[in-house]
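K.L.:
If you scroll down you'll find the structure; I have some questions about it.
The values are calculated or read from the model by the stated rules, or taken from the named source; none is laboratory data. The shown structure was predicted, so the numbers you read here are calculated from the model rather than taken from an experiment. For neighbour counting, all protein chains shown are included, and Cβ atoms are generated from backbone atoms with ideal geometry for every residue, glycine included. To get the accessible areas, we keep the full protein, side chains included, count just its heavy atoms, and leave off ligands, DNA and RNA. Shrake-Rupley method; radii C 1.70, N 1.55, O 1.52, S 1.80 Å.
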Number of protein chains: 2
Amino acid sequence: MKNKKNTPTTAELEILNVLWEDEPRSVKEIHKELSKVKNVGYTTTLKIMQNMTAKGMLDRKPEGKCHLYFTNIPKTDTQQNLINRLVDSAFGGSASSLVMQLLGNKKTSEKELNEIKRIIEEIEKNQ
Amino acid sequence: MKNKKNTPTTAELEILNVLWEDEPRSVKEIHKELSKVKNVGYTTTLKIMQNMTAKGMLDRKPEGKCHLYFTNIPKTDTQQNLINRLVDSAFGGSASSLVMQLLGNKKTSEKELNEIKRIIEEIEKNQ
DNA sequence: TTTTTATTACGAAAATTGTCGTATATATTT
DNA sequence: AAATATATACGACAATTTTCGTAATAAAAA
């Protein structure tokens with residue numbers, strides 16, 4: 001199986017997000033969460049989680065009569081990978097170009113902007 | 001045809017990037033560029049560009065015996081759309097969270113960091 | 001006007017992802 | 001033990017994307 005640990009598909013990312021919030025969890029619980037925002041069959045969720053396990057994205061341990069699944073990659077690793085891919089594929093490798101685009105967007109709220117400024121200051125302090 | 005103008009696939013984005021650099025251009029020229037970094041048949045490039053035209057992503061005009069293609073969506077619109085999707089799908093809708101991840105990454109060079117700081121200052125001035 | 005060359009159109013297959021129905025297995029209840 | 005319920009395994013189909021071979025068209029050369 002190819003190593004695609006860090007590049008989840010859309011459906012896989014949805015599952016990872018639920019797990020990162022609280023893990024380990026059973027397929028049943030994951031599916032219950034997904035059902036709140038999405039119409040999808042139980043076996044679909046199960047199948048995707050099995051695929052993810054085969055890819056090494058998830059792992060699982062038996063617990064009573066069912067399995068508890070947990071992620072095998074840190075959230076930040078995946079996030080970093082997704083950002084890097086976006087920077088490379090759509091911003092010519094320039095991270096600053098991405099940030100510029102992000103900040104120029106009206107949808108980035110005042111609150112978000114202030115938060116970002118705070119982060120920059122934080123970084124400068126530690127330099 | 002569904003409106004997927006702003007959400008190009010990987011192969012489509014590669015073509016868009018070449019066009020945004022200099023347009024309009026013929027399939028032949030686009031394919032020549034792609035061939036520098038990718039093994040792909042001429043008719044593959046052609047087909048994808050035809051698909052993109054059908055989706056409204058590209059347009060074309062006859063020029064002599066061939067066609068010159070040009071993009072039908074601004075680069076920034078597509079970039080913004082891709083960022084928004086990433087923010088929503090992997091950062092819980094928080095743009096600042098994405099920036100934090102980006103800045104915390106060692107791969108973001110000193111030069112990039114300074115550039116980003118400059119952008120922030122620029123934004124603050126205009127506030 | 002044939003022949004050659006260059007460009008486009010089209011169809012179809014491969015790869016990937018997402019979907020779920022059905023079967024199997026295991027436990028719980030009656 | 002038989003019936004019921006719960007969880008997993010598996011196969012198959014649908015949708016999308018990527019791939020390219022081949023045919024058709026049009027232009028240029030011989």
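K.L.:
Could you list, ordered by first residue, the pairs with Cβ atoms under 8 Å in which the first is in region B:38-56 and within 14 Å of chain A (Cβ to nearest Cβ) and the second is more than 6 Å from DNA strand D (Cβ to nearest atom) and assigned to a helix (DSSP H, G or I), at least 6 apart or interchain?
P.N.:
The qualifying pairs are B:Lys38/B:Glu14.
K.L.:
Show the residue pairs meeting these rules: Cβ distance below 7 Å; 6+ apart or different chains; first residue within region B:113-127 and facing another protein chain (nearest Cβ under 9 Å); second residue basic (Lys, Arg) and in a helix (DSSP H, G or I).
P.N.:
So the pair list comes out as B:Ile120/A:Lys117.
K.L.:
Can you tell me which condition A:Lys28 does not meet? The list is (1) more than 14 Å from DNA strand C (Cβ to nearest atom); (2) open to solvent by 60 Å² or more (accessible area, probe 1.4 Å); (3) of a type in the set (D, E, K, R), and all the others hold.
P.N.:
If we test A:Lys28 against (1) more than 14 Å from DNA strand C (Cβ to nearest atom); (2) open to solvent by 60 Å² or more (accessible area, probe 1.4 Å); (3) of a type in the set (D, E, K, R), just (1) comes out false.
K.L.:
I want to confirm something. Restricting to region B:8-25 and keeping residues that are open to solvent by less than 30 Å² (accessible area, probe 1.4 Å) and away from DNA strand C (no atom under 11 Å from the Cβ), which single residue is nearest to the other protein chains (Cβ to nearest Cβ)? Spell out the reasoning first.
P.N.:
The initial filter retains those residues of region B:8-25 that are open to solvent by less than 30 Å² (accessible area, probe 1.4 Å), namely B:8, B:11-13, B:15-16, B:18-19, B:25.
Cutting the leftovers down to away from DNA strand C (no atom under 11 Å from the Cβ) gives us B:8, B:11-13, B:15-16, B:18-19.
Details: B:Pro8: 9, B:Ala11: 11, B:Glu12: 11, B:Leu13: 6, B:Ile15: 12, B:Leu16: 9, B:Val18: 12, B:Leu19: 13 Å.
Only one residue tops the list, namely B:Leu13.
K.L.:
Also, quick follow-up: Among the listed residues B:Met49, B:Met100, which satisfies the condition of being within 16 Å of DNA strand D (Cβ to nearest atom) and either in contact with a strand residue (DSSP E or B) (Cβ under 9 Å, 6 or more places away or on another chain) or not hydroxyl-bearing (Ser, Thr, Tyr) (or both)? Outline the logic, then answer.
P.N.:
On the way: B:Met100 fails: within 16 Å of DNA strand D (Cβ to nearest atom).
It is B:Met49.
K.L.:
Hey, any hits in region B:72-83 for a residue that's of a type in the set (D, E, K, R), away from chain A (no Cβ under 14 Å) and touching a residue at least 24 places away in the same chain (Cβ under 8 Å)?
P.N.:
no
K.L.:
Select from region A:85-111 the residues that are farther than 20 Å from B:Arg118 by Cβ and within 7 Å of chain B (Cβ to nearest Cβ) and list them in ascending order.
P.N.:
Going residue by residue through region A:85-111, those that are farther than 20 Å from B:Arg118 by Cβ are A:85-86, A:88-90, A:106-107, A:109-111.
Those that are farther than 20 Å from B:Arg118 by Cβ and within 7 Å of chain B (Cβ to nearest Cβ): A:Leu86, A:Ser89, A:Ala90.
K.L.:
Could you check region A:65-120 and list, in sequence order, the residues that are at positive phi and assigned to a helix (DSSP H, G or I)? Outline the logic, then answer.
P.N.:
Step one: list which residues in region A:65-120 are at positive phi, which gives A:92-93.
Across region A:65-120, there are no qualifying residues.
K.L.:
Where residues in region B:7-22 are of a type in the set (Val, Ile, Thr) and either part of a helix (DSSP H, G or I) or away from DNA strand D (no atom under 14 Å from the Cβ) (or both), which of them is farthest from B:Asn81 (Cα to Cα)?
P.N.:
Of the residues in region B:7-22, the ones of a type in the set (Val, Ile, Thr) are B:7, B:9-10, B:15, B:18.
Remaining after also requiring either part of a helix (DSSP H, G or I) or away from DNA strand D (no atom under 14 Å from the Cβ) (or both): B:10, B:15, B:18.
Details: B:Thr10: 14, B:Ile15: 17, B:Val18: 19 Å.
Step by step, filter region B:7-22, then rank; the result is B:Val18.
K.L.:
Just to be sure I understand, how many residues within region B:31-47 are assigned to a helix (DSSP H, G or I), open to solvent by 50 Å² or more (accessible area, probe 1.4 Å) and touching a helix residue (DSSP H, G or I) at 6+ places or on another chain (Cβ under 8 Å)?
P.N.:
Going through region B:31-47 one residue at a time, the tally reaches 2.
K.L.:
For region A:58-80, state whether one or more residues are within 14 Å of DNA strand C (Cβ to nearest atom), farther than 26 Å from B:Thr7 by Cα and surrounded by 14 or more Cβ atoms within 10 Å (Cβ to Cβ).
P.N.:
Within region A:58-80, one or more residues are within 14 Å of DNA strand C (Cβ to nearest atom), farther than 26 Å from B:Thr7 by Cα and surrounded by 14 or more Cβ atoms within 10 Å (Cβ to Cβ).
K.L.:
To continue, here is another question. Residues A:Gln127, A:Gln50: which one is at pLDDT 90 or above and open to solvent by 70 Å² or more (accessible area, probe 1.4 Å)?
P.N.:
A:Gln50
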